[in-house]
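Worksheet for the structure shown next.
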Amino acid sequence: MNKSTGIAILLTIVAVVFQTHIVSQVQPVGTINDKDMKVVDFVDLEYPQMARQARIQGVVVVWARLDEKGNVLDTKALSGAEVLAAASLENAKRWRFQPNAARAAVIVYNFRVTDSESKSGCSHFSLEPPNFATITACANKIQ
Amino acid sequence: MISFIAVEEQGWGSARGKGRAFESLAPRSALTDQSGNDTVITFDANGNPTISSWMTSPVTGVNFFVADDSWVATTPGATYGEYSAAPIELSTSSWPGSDGVGAGGASPDLTVTNFLQTAPNQTTIANVMGEIITALPNNAQCNNWLQAGGQSQGSGLQQMQLVLGANNFGHAVIYQYGAVDYADGAFSGQKNTDGTLVGVPTTAAFTVNDNGAFFNQYQNGDTTKPFFVGKRNYPGGSLRAQATMLIHETAHQITVNGFQHDFGNRKAEKANNKAVDSNCRKLIEGLQ
């Protein structure tokens, strides 16, 4: 094996390792079309208490890997504040979707602190199909 | 809420209680005549007073206390009787609320204007928070005490890190009953007890009073009215005073066990200040 062949093999190995590393780091690939994503069942999410206390709001985007029946196998936060993401990831594991070819789904959690108090209490959850969940927290009394 | 008084209030405040049907007005024996009659003041549901003469015999040395719509008369002999009365709606009555001493006091409304997150005041608040965040892990007593209780979660350290990181605090001019408020140094939350909004952004975990003891040594520049903070009477505007106030507010936000709701309640506020001092004095006095 001459020098140039050796370098080529080495570069190939590096490229394969690098590519494998990239793939393992970025699991969600491709686009999941909204029309392929239908929620069969979901669970309300309470505004995370720590975030409510600190008045943290924002959006968390969760990618979910599905099995052939549409159950969530595992979840990954693609963006969002840590204090909001942890609760979102746990919540997403309890959702169920219609099976799709991509075997994946995305849920967008929109956390908002508000002035008002809903009839159902200080934390309110609503889902706008196909995957947009809004969680609101009311104002705290002064002390 | 942490508040500071330059001049002690005397008797009942002139401001009216609002929004609560049951206030702690205490009819009491004002005078016992030669026939053994007690003069007491009773109130109707609208808060209108009536001066009455009650026979104290066989109940002598009577004192009357009110709890919601029941009055209880006690005597040195430990006998007591219960009397009923309609609850008083103070918000529409002509009578003043209590001065906030003791539980069940009136709940005064706060409003703010000019809520800002600008230097130099915002920087000062952030710097004090930073100092506390640095010191807390090295002060086990304060750190262990400053933990969430009840349905709250997390620690004071986490809470301060989150609030500081998100810049979810500010400073403002605070008003109480429409007048500039010097006594309340800072408060946590966004709405009054009666549900009306204070006027801070929904994202403001706490607000510091521009005219209070956090930034000022004296009330409105009047050197005869110095601010003192906490159980140790730290001078207004000092680092110790500032740290005391921010720890106090953080304890509210995470509902530390035993830390009381003290807005409009001086007794609870005093107890809270004592708790901060007992657990965090070393941290506060160790800050440079």
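Residue check: is residue B:179 assigned by TED's automatic domain parsing to the domain that holds residue B:258 and in contact with an Asp or Glu (Cβ under 8 Å, 6 or more places away or on another chain)? Criteria not met by residue B:179.
Set side by side, the residues B:193, B:118, B:203, B:124 differ, and just one is of a type in the set (Val, Ile, Thr), more than 10 Å from chain A (Cβ to nearest Cβ) and part of a loop (DSSP other than H, G, I, E, B), which is B:118.
Taken as a whole, the stretch A:120-139 holds at least one residue that is hydrophobic (A, V, I, L, M, F, W, C), at pLDDT 95 or above, touching a Leu at 6+ places or on another chain (Cβ under 7 Å) and within 22 Å of residue B:159 (Cα to Cα).
Just one of (1) more than 7 Å from chain A (Cβ to nearest Cβ); (2) under 23 Å from residue B:129 (Cβ atoms) fails for residue B:179. It is (2).
Entry remark, the stretch B:237-261: residues being surrounded by fewer than 24 Cβ atoms within 10 Å (Cβ to Cβ), of a type in the set (Ser, Thr, Tyr) and at the interface with chain A (Cβ under 10 Å from one of its Cβ atoms) number 1 in total. Every listed requirement among (1) over 11 Å from the mean Cα position of the chain (by Cα); (2) away from every other protein chain (no Cβ under 14 Å); (3) surrounded by fewer than 16 Cβ atoms within 10 Å (Cβ to Cβ) is met by residue A:72 save one, (3).
Does residue B:246 qualify as being over 22 Å from residue B:272 (Cα atoms) and either part of a helix (DSSP H, G or I) or among the β-branched types (Val, Ile, Thr) (or both)? Considered against the rule, which asks whether it is over 22 Å from residue B:272 (Cα atoms) and either part of a helix (DSSP H, G or I) or among the β-branched types (Val, Ile, Thr) (or both), residue B:246 comes out as no. Of the residues making up the stretch A:101-119, those that are at pLDDT 95 or above and within 14 Å of chain B (Cβ to nearest Cβ) are A:111, A:112, A:113.
The values are calculated or read from the model by the stated rules, or taken from the named source; none is laboratory data. Quick caveat, the model's predicted, so the values are computed rather than measured. Counting neighbours? That spans all protein chains shown, and the Cβs are built from the backbone with ideal geometry, glycine included.
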